[in-house]
Amino acid sequence: MNWYLKYYAGIHLSWNSMTAELPESLPKVSTPVRKETNLSLRYDFNYCTYSYTMAFWDWERWEKEIDWMALHGINLPLAVVGQECVWKNMLEKLGYSKEEINKFIAGPAFLAWWAMNNLEGWGGPNPDSWYTQQEALQKKILKRMREYGIEPVFPGYSGMVPHDANKKLGLNVTEPALWNGFTRPAFLLPTDSRFNEIASLYYKELEKLFGKATITLWTRSMNLKMQEAWILMQPEKLYLKQ
C-alpha cells in the first residue's frame, strides 16, 4: 500500500472512530437557529468514501445517512451502490462469461479503485448473492432519496473496458499497463466505431436497474495518460467530472 492509500485510509478510520459523549439532557435552545446557503446544488461523497467507509453498509445504516443528508441540505449525492450490477449485466450482453466477469469486477472493499480504473478483480470474486443484495439495497436507497427530493448522481461511462477487450471484442483501446503491480482496465477510445454502442448499452442497463441518469459523474484512472474522451461524449448533458 503506497503513502496516499495509507493517508486516506487513516483519515476515514479517524472519522469512523470519532465518538461524542453527550449529557442525558441537552441544553435548551433559547432562540431558533436557521442557516441558509445560496448554493442550489449541494454535493456529497466520492468513490473512495464508498470503499473505505460504506462498503458493507446495510439498509439500516443507509437510512440514517439519508436522513442526515436531508437534515443538512444535501441534495446531490454520488450514488454508486450496485454499480457492479450494471457492469455485470453489461458485460454479459457483450459476451463475457461469468468467470471473465469475476476476474474483472473487484470485491466490495476495492470497488472504488476498480471504478477509478486502477485494478481488476482484486478482493473478488463476488458471489451471486452479493449482486442480488446490492441491487435491492440501491433501489431502497434511491427510493428514499427521491422521496426527500435528493437527486442521485450515478457513475457515468468514461470508456473503461476489461484489459483484454482488444482481443475479446476487437476494440481499439489504450494500453492498460500496470498500476502499482495491478492489472488495470483499458480505455475504449472515443474514436472507436463501437464506442457509442457500448456507452449506450451501459446507460440502458443502468436505467433498467436504477432509473434514468439525469446527472452522472465520470472518473478516470489516476496517473493515466489518455484522450479526454468526455469532451466528445454528449456535451449537451450535465456532467460532474472528476
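The values are calculated or read from the model by the stated rules, or taken from the named source; none is laboratory data. Computed from a prediction, not measured in an experiment: that's the story for all the values here. Note: ideal-geometry Cβ built from the backbone for every residue, glycine included; neighbour counts use all protein chains shown. Side chains are part of the model used for accessible areas, which takes the heavy atoms of the whole protein and leaves out ligands, DNA and RNA. Shrake-Rupley method; radii C 1.70, N 1.55, O 1.52, S 1.80 Å.
Filtering the range 136-157 to residues that are farther than 15 Å from Tyr50 by Cβ and open to solvent by 10 Å² or more (accessible area, probe 1.4 Å) leaves Ala136, Lys139, Lys140, Lys143, Arg144, Arg146, Glu147, Tyr148, Gly149, Glu151, Gly156.
Yes/no per residue for (1) modelled with pLDDT of 90 or more; (2) closer than 24 Å to Trp130 by Cα; (3) within 17 Å of the chain's Cα centre (by Cα):
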| residue | (1), (2), (3) |
| --- | --- |
| Tyr7 | no, no, no |
| Thr19 | no, no, no |
| Lys28 | no, no, no |
| Tyr50 | yes, yes, yes |
| Arg61 | yes, yes, no |
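Sort out which residues of the range 118-138 are touching a Phe, Trp or Tyr at 6+ places or on another chain (Cβ under 7 Å) and either in a helix (DSSP H, G or I) or polar (S, T, N, Q) (or both), and write them in order of number. Residues satisfying the conditions are Asn118, Leu137, Gln138.
A quick yes/no check of all residues on (1) in contact with a strand residue (DSSP E or B) (Cβ under 7 Å, 6 or more places away or on another chain); (2) surrounded by fewer than 19 Cβ atoms within 10 Å (Cβ to Cβ):
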position	(1), (2)
Leu171	yes, no
Ala177	no, yes
Leu188	yes, no
Tyr202	no, no
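For the range 88-104, state whether one or more residues are hydrophobic (A, V, I, L, M, F, W, C) and under 20 Å from Ala177 (Cβ atoms). Taking every residue of the range 88-104 in turn, at least one turns out to be hydrophobic (A, V, I, L, M, F, W, C) and under 20 Å from Ala177 (Cβ atoms).
I'd like to know if the range 177-198 contains one or more residues that are in contact with a Gly (Cβ under 6 Å, 6 or more places away or on another chain) and modelled with pLDDT of 90 or more.
yes
Residue pairs whose Cβ atoms lie under 9 Å apart, separated by 6 or more positions or on different chains, with the first residue in the range 37-65 and of a type in the set (Lys, Arg) and the second loosely packed, with under 14 Cβ neighbours inside 10 Å and not in a helix (DSSP H, G or I), are Arg42/His72; Arg42/Gly73.
Of the residues Ala165, Ala106, Ala112, Ala136, the single one that is in contact (Cβ under 8 Å) with a residue 24 or more places away in the chain and small (Gly, Ala, Ser) is Ala112.
From the list Gln83, Gln133, the lone residue that is open to solvent by less than 30 Å² (accessible area, probe 1.4 Å) and at pLDDT 95 or above is Gln83.
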